[in-house]
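My questions all concern the structure below.
Please treat every number below as a calculation from the coordinates, not as lab data. None of these values were measured; they are calculated from a predicted model. Virtual Cβ from ideal backbone geometry, glycine too; neighbours counted across all protein chains shown.
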Amino acid sequence: MAKIGIILGSTRPGRNGKAVADWVLENAQQRTDAEFELVDLADFPLPHLDEPVPPSMGMYQNDHTKEWSAKIASFDGYIFVTPEYNHSTSGVLKNAIDYLSREWNNKAVGFVAYGALGGARAVEHLRLVAIELMMAPVRAQVSLSLITEFENFSVFRPGEYQQPALETLLDQVIAWSNALAPLRAA
């Protein structure tokens, strides 16, 4: 059974992402075709990339990197929950992604984004980063507008119409995670 990490890509105080990630996890855990785990970047306080050797070499020297590597390597696929900051993703999520290389390879990734325009531009950037790291971004995504899905821009209240988009995203991430298993085993 595929193991999917739901990565909460914001550590900002008062962040909206925690409620969004909890919603994704709550819905995902109703399924029986995969296992899901929430990975909160607040629990992995990575300084700005501080490894002296490029991540593609896999020669990590710092304990925080080794811990992050083990966590990410344990998954078959991912769902990134990302805010949109300044037409892109958060710096903390990009830094966490950049810390590693092989751990991301040959794994599916889906995106749940939130922002003024539903986080669309953050996802555009993350798709390019994912492809470079040999991840397979799925087509479906969930875009949550701060205007329609958040009361006063801070209390998350997703509309029922978001449910099919989330289910499709989960279907695709699981299917692609399973399809890529032979490549990960090689």
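Pop the C-beta distance of R102 and T148 into the FRET formula with R0 = 45 Å and round what comes out to the nearest 0.05.
With a Förster radius of 45 Å, E is 0.70.
What 222 nm value per residue comes from the helices of the chain, counting each DSSP H run with n ≥ 4 as -39,500 (n - 2.57) and dividing by all residues, nearest 500 deg cm²/dmol?
-11000 deg cm²/dmol
Averaging sequence separations of C-alpha pairs under 8 Å and six or more residues apart, then dividing by the length of region 2-185, give the relative contact order as a whole percent.
23 percent
Continuing with the same structure: Cut-off 10 angstrom, C-alpha nodes, Gaussian network model of the chain. Which of G58, G14, G115 fluctuates the most?
G14
Springs between alpha-carbon pairs under 10 angstrom, Gaussian network model over the chain: which of G119, G17, G91 fluctuates most?
With Cα springs under 10 Å in the chain, the top fluctuation among G119, G17, G91 is at G91.
Set Lys and Arg Cβ to +1 and Asp and Glu Cβ to -1, take the dipole of the chain about its Cα centre, and tell me which of N178, P158, P45 lies farthest positive.
It is N178, whose Cα lies furthest towards the positive end.
A further question on this structure: Pick out the long, greasy-scoring helices in the chain: whole DSSP H runs spanning 30 Å or more along their own axis by Cα, mean Kyte-Doolittle at least -0.5.
none
Modelled label-to-label distance, L117 and R12, 7 Å Cα→beta-carbon offset: nm?
Here the answer is 1.7 nm between the modelled labels.
Charges at C-beta only: +1 for Lys and Arg, -1 for Asp and Glu. How large is the resulting dipole of the chain about its Cα centre, in Debye rounded to 20?
Roughly 280 debye, rounded to the nearest 20.
Please arrange S101, S74, S90, S10 by how many other C-beta atoms lie within 10 Å of their C-beta, fewest to most.
Ranking S101, S74, S90, S10 by Cβ neighbours within 10 Å, fewest first, gives S74, S101, S90, S10.
Would you mind ranking D63, D76 so that the residue whose beta carbon has the fewest other beta carbons within 10 Å leads the list?
Least to most surrounded, the residues fall as D63, D76.
Hey, what D do you get for region 2-185 in µm²/s if you plug the Kirkwood alpha-carbon radius into Stokes-Einstein at 10 °C and 1.306 mPa s?
97 µm²/s
What is the gain in length, in nm to one decimal, between V155 and K3 on full extension, counting 0.36 nm per residue of separation less the C-alpha to C-alpha distance?
Answer, rounded to one decimal: 51.8 nm.
For the chain, build the charge dipole from Cβ charges (+1 Lys, Arg; -1 Asp, Glu) around the Cα centre, then report which of V24, M134, L169 sits farthest towards its positive end.
Of the listed residues, the answer is M134.
Hey, another quick one. Amide H to amide H under 5 Å from I6: which residues, 5+ apart in sequence or cross-chain, H placed 1.01 Å off N in plane?
Amide H neighbours of I6: E37, L38, V39, I79.
Cross-link candidates for K66: which aspartates and glutamates have Cα within less than 13 Å, leaving aside residues fewer than 8 places away along the same chain?
Within the straight-line limit of under 13 Å, K66 reaches these aspartates and glutamates: D50, E51, E103.
For the chain, modelled as a Gaussian network with Cα springs under 10 Å, which listed residue fluctuates most, Y99, Y114, Y85?
Maximum fluctuation in the GNM of the chain, among the listed residues, is at Y85.
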